[in-house]
Structure formats: C-alpha cells, structure tokens
1. Among T111, T4, what's the order by accessible area (1.4 angstrom probe), most exposed first?
2. Starting from the Cα of R67, step 7 Å along the direction of its Cβ; do the same at S137; then give the gap between the two resulting points in nm.
3. Any chance you could look up the accessible area of E37 with a 1.4 Å probe, heavy atoms only, rounded to 10 Å²?
4. Which order do R114, R67, R11, R31 take by accessible area at a 1.4 Å probe, largest first?
5. Where Lys and Arg each count +1 and Asp and Glu each count -1, what net charge lies around A18 among other residues with Cβ under 14 Å from its Cβ?
6. Please give the solvent-accessible surface of R144 in Å², to the nearest 10, using a probe radius of 1.4 Å with every protein chain present.
7. Over the heavy atoms of S147, what accessible area does a 1.4 Å probe trace out, to the nearest 10 Å²?
Amino acid sequence: MDLTPYVDNLRQELAVAADAGGDDARALAERLTAPLESATRLTLLNALSAAMVEVTRELAPGSVDVRLRGIDPEFVVTAPPAPEPFREAREPVDEPAATVLPPSADTDDGTMARINFRLPAHLKARAEDAAAADGLSVNAWLVRAVSTTLDGGQRANPQGRGKESGGRGFTGWVR
C-alpha cells in the first residue's frame, strides 16, 4: 500500500491552513512538512496496525498482518481454515453419535479430527477397563477399536488366547 498520496494530502491540508496565517506561516509550514513526513508515515502505520488487530479479532482463526516492504506497508491475509463437512448422526439417542472419524491406518496422513462421542456410563467403564488392561489411554483404545472395525481385521489378543491367536476361548461358569 502506497502511503505517499496520504502524506501529500496532509501536506496540502497543512499548506491550506498556513495560508490563513500569512506568508510567514506558509513558509514555516513548508519547512516543517519535510521533517514531519517520517512521523506522518509512522502514525499511519500505527493506525493501520491497530485496524488490522480489530479485523483479525473478527476473522479469528484467520488473521491480517501488516508488514513493511521498504517504506510502505503490505497486508498479509491468512484465511481461516475451511470448516470440515458435518454429517449428522442418525443413530437413536441411546447410541453414540459420531461426526468425523480418523482415516484408517493404511491411509493415515497424520491429521486428526475431533468428535463428540456420547457413551452410556456402563460402556464407558468397560472401555476404560479394557484400555487399562491393554496399557492404553481410552482415546488410543477407541481409535484402535474403530480402526480394527472399519478395516475388517481382528485385533491380536494380548493374552495370547482366543480365536485370533489360534487357541480356543471359553466363556461360562465352572464349578
């Protein structure tokens, strides 16, 4: 942005004001305008910076920065990220609701997505117990469970039992 027209306009306004004071005032105004040019530019830069702070506050998480290129300011606009598409969950109220799931392990590009997951208290307790048994956080355990389910594979049984490891699992009561 070229500030020269604004500085020149201020110089002309000062000359018009000095004309009302006579020849001595006009001569003084002409002598003062050259040294005041840098102060005028600095004042304009401060005003522009303050304005961009307000614009950035409204644009958040985007931003507008004012940078100097030579003696003139340059604006750098960083647009806010595009919102992720929202898919409304169609499960009944008692079921967990998910909006976006992380990519499967074979296409993982390292990005993460946040979801709100409503889980009945009794299932939450079971998930916490299962995660602790596997030495994982609940979040890591849930990511692994979703990934395993979506990939159609079976997770290895950490105790070395069950169908996944070739053994036989038994359930029930023994006397």
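The values are calculated or read from the model by the stated rules, or taken from the named source; none is laboratory data. It should be emphasised that the depicted structure is a prediction, and the values quoted were computed from it without experimental measurement. Note that we place each Cβ from the backbone using ideal geometry, even for glycine, and neighbour counts take in every protein chain shown. Ligands, DNA and RNA are stripped out before the accessible areas are found, and what is left, the full protein with its side chains, is counted by its heavy atoms. Shrake-Rupley method; radii C 1.70, N 1.55, O 1.52, S 1.80 Å.
1. T111, T4
2. 3.5
3. 60
4. Details: R114 210, R67 125, R11 85, R31 155 Å².
Correct descending sequence by accessible area is R114, R31, R67, R11.
5. Working: positive: R11, R26, R31; negative: E13, D19, D23, D24, E30.
That works out to -2.
6. Ignoring ligands and nucleic acids, R144 comes out at about 80 Å².
7. Per-residue accessible area (S147): approximately 30 Å².
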